[in-house]
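Report on one structure; see the data block that follows.
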Number of protein chains: 2
Amino acid sequence: MNPGAFDALLKGECDYSVVPFENSTNGSVVFTFDILRDIIHAPGTKSNGNIAPPLQVVEEVFVPINHCLLTTATDLSQVKRLYTHPQAWGQVDHYLAAHFSPADVERLDTDSTSAAVGIAKTDPEGAAIASSAASVVHDVPIFQANISNKKDNTTRFLVFARADPQHAGSAVYPDPALHVAADVKREKKGSLASFIVQNDKPGALCATLQEFAQSNISLTSINSRPSGKGAWSYVFYIEFEGDALHDNAVSSAVARAAKNCLEFCILGSFYRA
Amino acid sequence: MNPGAFDALLKGECDYSVVPFENSTNGSVVFTFDILRDIIHAPGTKSNGNIAPPLQVVEEVFVPINHCLLTTATDLSQVKRLYTHPQAWGQVDHYLAAHFSPADVERLDTDSTSAAVGIAKTDPEGAAIASSAASVVHDVPIFQANISNKKDNTTRFLVFARADPQHAGSAVYPDPALHVAADVKREKKGSLASFIVQNDKPGALCATLQEFAQSNISLTSINSRPSGKGAWSYVFYIEFEGDALHDNAVSSAVARAAKNCLEFCILGSFYRA
């Protein structure tokens with residue numbers, strides 16, 4: 001995950017960016033969290049209360065990730081170098097541990113799993129961990145399919161659009177063709193927020209979360225990352241049930257929660273997949 | 001971070017293991033969280049309420065991390081390969097971006113920053129990112145000192161001991177010489193807990209955290225990692241103020257919180273540094 005997808009969106013070069021957010025085996029995609037932090041809560045800037053974000057989540061998509069080993073080598077003993085995106089190693093480490101000795105085989109990180117296949121194609125002693133689709137795109141054979149630790153290995157992607165100032169951040173999602181299928185009925189909405197609390201103020205995080213609990217709003221995920229505004233200061237990312245942009249009960253709980261925070265941002269409300 | 005430090009402790013080969021837990025620039029050390037998960041909440045095992053852990057935290061230590069570039073090369077243009085632990089890349093990426101082109105220089109992950117120096121020593125086109133101490137140990141020159149993005153880059157380590165069943169998990173810390181200094185007065189205690197809530201039960205996480213808030217116990221950190229017990233099920237790690245093992249007010253709040261959880265474990269109470 002490099003900042004390119006968000007950059008292209010913010011520059012108007014595309015209408016949507018699809019970014020990985022969380023993998024069922026390997027957890028949060030911290031690269032995505034940290035790029036969002038740099039956009040929304042830019043390090044070096046001062047706290048300024050409620051933040052109107054330049055982009056917003058409009059959709060979530062679950063994609064099964066069936067990693068494969070792709071190589072032009074005909075025998076595993078020929079492989080001296082493995083290539084993949086850093087997020088993938090932890091999803092396939094059972095297979096790697098069973099077939100490669102760390103002493104003999106180097107592991108190299110690439111910008112994407114697809115890029116790994118492009119590099120492995122030029123290296124007769126190289127193999128890439130990537131999707132079966134990348135085998136077709138780069139014309140590199142699949143040596144072993146489905147090498148993920150877990151058979152149900154899945155990555156949740158979020159679809160971002162630019163925030164529309166006309167709609168004060170409301171998630172207008174104009175192209176129904178982008179939905180997974182026309183007959184999929186989605187009823188429940190969720191929202192994503194990021195915030196920073198005063199890191200030396202006891203109870204500030206609890207007070208923020210308590211506003212949700214007292215309004216019977218379920219948290220569905222919580223993550224923290226260094227804020228870049230001094231050691232041991234964090235950006236928290238939470239997801240919760242309900243529409244923080246259009247449901248008054250939710251948005252007033254959010255407003256109360258935000259009062260405990262130095263910075264607070266609603267990154268979007270969207271139908272749960 | 002490999003499981004070796006915990007393995008050696010549990011096998012009785014050492015009395016203490018010092019493991020990295022969190023870096024001020026790069027956030028949680030997920031390797032440590034996931035090894036703890038495999039020890040405490042072993043994937044494949046069924047939930048069994050309160051868990052008596054086989055190990056416990058007895059101390060926290062903050063260590064300034066001054067990364068250096070170590071190489072036998074005499075000019076950066078000779079460097080074709082960079083070696084370090086995966087946790088370190090994000091702490092030095094400003095320096096790397098300024099001095100190395102990703103197209104020309106490969107990045108290779110190693111088991112530790114010290115191991116990276118051992119490998120770089122044998123590679124005339126290699127350079128390692130590691131501490132100045134590793135320069136002495138492996139006899140590899142420091143090309144550039146202090147290349148961390150942040151001048152105050154610090155890693156918080158936790159010191160683990162085996163849990164003493166005689167003391168029902170209480171943190172008896174027998175060797176005062178291990179304390180940072182005899183004249184350092186430590187007064188505040190903190191505790192570390194891990195737990196799993198039913199992932200399809202709305203509000204279970206909030207209900208758990210709320211027990212702390214209602215007892216005026218401040219949360220000081222919260223992290224989540226995939227539990228390994230099915231997709232989208234998490235192990236949560238929380239740290240909070242107070243002594244969960246010896247302070248009745250704290251331990252009764254903890255007992256109420258644990259009732260909301262499928263699995264709950266106090267990993268130790270220790271003086272805050």
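Just so you know, all these numbers are worked out from the coordinates, no wet-lab data involved. From a predicted model like this one, the values you see are computed outputs, not experimental measurements. Counting neighbours? That spans all protein chains shown, and the Cβs are built from the backbone with ideal geometry, glycine included.
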Label point 7 Å beyond Cα along the C-beta direction, distances from residue B:99 to other copies (nm, shortest first): 3.7
Span from the region A:44-80 Cα centroid across to the region A:117-132 one, whole angstrom: 18 Å
Those lysines that a straight Cα-Cα span of less than 18 Å connects to residue B:80, excepting residues fewer than 8 apart in one chain: A:80, B:121
Residue A:273 versus residue B:15: modelled label distance in nm, points set 7 Å from Cα along the beta carbon direction: 5.2 nm
Label geometry 7 Å along the beta-carbon vector: residue A:141 inter-copy distances in nm: 4.7
Inter-copy separations for residue B:232, label at 7 Å along Cα-Cβ, nm, ascending: 3.6
Region A:67-144, relative contact order [Cα under 8 Å, separation at least 6], %: 50 percent
If the convex hull is drawn through the Cα atoms of region A:67-144, its volume per residue in Å³: 74 Å³
Helix-only [θ]222 nm of the protein assembly as shown, DSSP H runs n ≥ 4, -39500 (n - 2.57) each, per residue, nearest 500: -7000 deg cm²/dmol
Most mobile listed residue (B:137, B:29, B:117) in chain B, GNM with C-alpha springs under 10 Å: B:137
Distance between modelled label sites at residue A:38 and residue B:7, nm, 7 Å Cα→Cβ extension: 3.7 nm
Normalised per residue, the volume of the convex hull around the Cα set of chain B (Å³): 157 Å³
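From the convex hull of the Cα coordinates of region B:1-52, what is the mean projected area in square nanometres? Present the calculation step by step, with values, prior to reporting the outcome.
On the way: hull surface 18.6 nm².
Spelled out: convex hull of the Cα atoms, projected over all directions, averaged, 4.7 nm².
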Intensity falloff of the protein assembly as shown expressed as log10 I(q)/I(0), Debye formula with alpha-carbon point scatterers, at q = 0.09, 0.11, 0.13 Å⁻¹: -0.71, -1.10, -1.53
Under 20 Å from the residue B:46 label point (7 Å along Cα→beta-carbon), backbone N, region B:236-264: B:259-264
Bins of 10 Å from zero: percent of alpha-carbon pairs in region A:126-165: 22, 36, 24, 13, 5
Cα long-axis angle, helix B:113-122 against chain B (0 to 90 degrees, to the nearest 10): 20 degrees
